[in-house]
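A short worksheet on the structure shown next.
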Amino acid sequence: MNKLLEVKDLTVAFPTSNGEKYAVNHISFDLFENDFVGLVGESGCGKTVATQTILGIESPSAIIKSGSCLLKGKEILGLDDKQWAPYRSRNIATVFQEPGSALNPLIKVGKQIEEVLKIHYDFDKKKRLDLVYTTMEKCGLKDVESLYHKYPHELSGGMQQRIVISMALIANPNVLIADEPTTALDAKVQSQIIDLFKEISHIYKGAIVFISHDLNLIENISKKVMIMYAGRIVERGLTKDVIDSPLHPYTKALLKAVPNYKKRGQDLYNIKGRVPDLKNRSNEGCPFADRCDFVMDKCFKTYPATTYRNDHEVNCHLYGE
Ligand SMILES: Nc1ncnc2c1ncn2[C@@H]1O[C@H](COP(=O)(O)OP(=O)(O)OP(=O)(O)O)[C@@H](O)[C@H]1O
Ligand code: SF4
Ligand SMILES: [Mg+2]
């Protein structure tokens, strides 16, 4: 299988009133062709900081403490804007929560999709338009030739997100990162956009990282999943394995807290406590220790090594030797 992205030991800190603290703590993962990987965790776990750092769009106050990020073997971590330009859209593309903020309100939507092609390819106008229209159609848009001439405000949120997804896919990027792409949309439109991602996953050869809080949704669309807690990836594997046989107490708690998850009629479970604020995080021990029902002395002292069960990995002292 062709490896597209290799993230190794990525650590990202922010200055806080309590000193520098790690929002992303020594994470590593690989993405291969045709991968569809869910990245799941409660708010504040570092999903956005991790992926924005990989994309070179992290906040100016973010400090990259360690790591490497190889896109088809080439280092992209820490490149400046100019060095990033040839990679953006062509190699890694993004879809964020708010389609409105991804679109320029003053430019026709079709033109915005076409611009992505213009930057990266030397195609003539006819070829560009053909590609724009077919990509829009693949993204579930109709009457694409007249839609091309609309401005963002003339479209619904769902249509805008389809335009953003068209922009993301038109240059056929190696990696597509979608950060909660349905959260800002109403329920009916959300499920249409989820269906679109499913369809895309069948025709698209690159890797998709799909960020969400929602394990029901991830179970529905993604082949693999990584569970993130307080800056760490604590469990990962095939979605089916992780959901059917969760190992990490955090994953188990997340699953118990999912509405309707295979237990209709039961009371919804609330995970006790909350993700610690960045300034209150300690680098010692397991970050879940103060919320975990299975906590042991050593959990406060050392971060657990990775235990492997075939392709299913967990970092928890309950497993291993
Ligand atoms: N620019 C910043 N300055 C300081 N701290 C930040 C900054 N951006 C994020 N953080 C902190 O880093 C941690 C990780 O934030 P991040 O936005 O990555 O979480 P997330 O998992 O994407 O959450 P959500 O599900 O709410 O989007 C949080 O504690 C957050 O407060
Ligand atoms: S390492 Fe300890 S505190 Fe952390 S999840 Fe496992 S049992 Fe709980
Ligand atoms: Mg986020």
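The values are calculated or read from the model by the stated rules, or taken from the named source; none is laboratory data. Computed from a predicted structure; not experimentally measured. Don't worry about glycine lacking a Cβ; one is built from the backbone with ideal geometry, like all the others, and counts go over all protein chains shown. All accessible areas refer to the heavy atoms of the entire protein, side chains included, with ligands and DNA or RNA removed. Shrake-Rupley method; radii C 1.70, N 1.55, O 1.52, S 1.80 Å.
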Matching residues, region 167-190, being open to solvent by 10 Å² or more (accessible area, probe 1.4 Å) and either within 16 Å of ligand 2 (Cβ to nearest atom) or under 18 Å from ASP35 (Cβ atoms) (or both): LEU169, ASN172, ASN174, ASP179
The one condition in (1) assigned to a strand (DSSP E or B); (2) surrounded by fewer than 17 Cβ atoms within 10 Å (Cβ to Cβ) that SER146 fails to fulfil: (1)
Single unsatisfied condition, LEU55 versus (1) at pLDDT below 95; (2) loosely packed, with under 14 Cβ neighbours inside 10 Å; (3) within 17 Å of PHE210 (Cα to Cα): (2)
Residue, nearest to ligand 3 (Cβ to nearest atom), within region 289-321, restricted to residues that are touching a helix residue (DSSP H, G or I) at 6+ places or on another chain (Cβ under 8 Å) and among the charged types (D, E, K, R): ARG291
Evaluation of LYS188 against (1) under 19 Å from SER28 (Cβ atoms); (2) away from ligand 3 (no atom under 16 Å from the Cβ) (one fails), failing number: (1)
Yes/no for ILE233 being more than 16 Å from ligand 2 (Cβ to nearest atom) and more than 18 Å from ASP293 (Cβ to Cβ): no
Cβ pairs under 8 Å, 6+ apart, first in region 126-138 and touching a residue at least 60 places away in the same chain (Cβ under 8 Å), second assigned to a helix (DSSP H, G or I) and surrounded by fewer than 18 Cβ atoms within 10 Å (Cβ to Cβ): LYS138/GLU199; LYS138/ILE203
Per-region count, region 98-132, residues among the aromatic types (Phe, Trp, Tyr) and loosely packed, with under 14 Cβ neighbours inside 10 Å: 0
Subset of region 140-157 [in contact with a Phe, Trp or Tyr (Cβ under 8 Å, 6 or more places away or on another chain) and without any contact (Cβ under 8 Å) to a residue 40 or more places away in the chain]: VAL144, GLU145
Where a residue in region 286-303 is under 16 Å from GLY320 (Cβ atoms) and its partner, wherever it lies, is open to solvent by 70 Å² or more (accessible area, probe 1.4 Å), with Cβ under 7 Å and at least six apart: PHE294/LEU318; LYS301/GLU284
Search result, residues across region 85-97 that are at pLDDT 90 or above and open to solvent by less than 50 Å² (accessible area, probe 1.4 Å): ASN91, ILE92, ALA93, THR94, VAL95
Count of residues meeting criterion [small (Gly, Ala, Ser), buried (at least 22 other Cβ atoms within 10 Å of the Cβ) and more than 20 Å from SER68 (Cβ to Cβ)] in region 5-51: 2
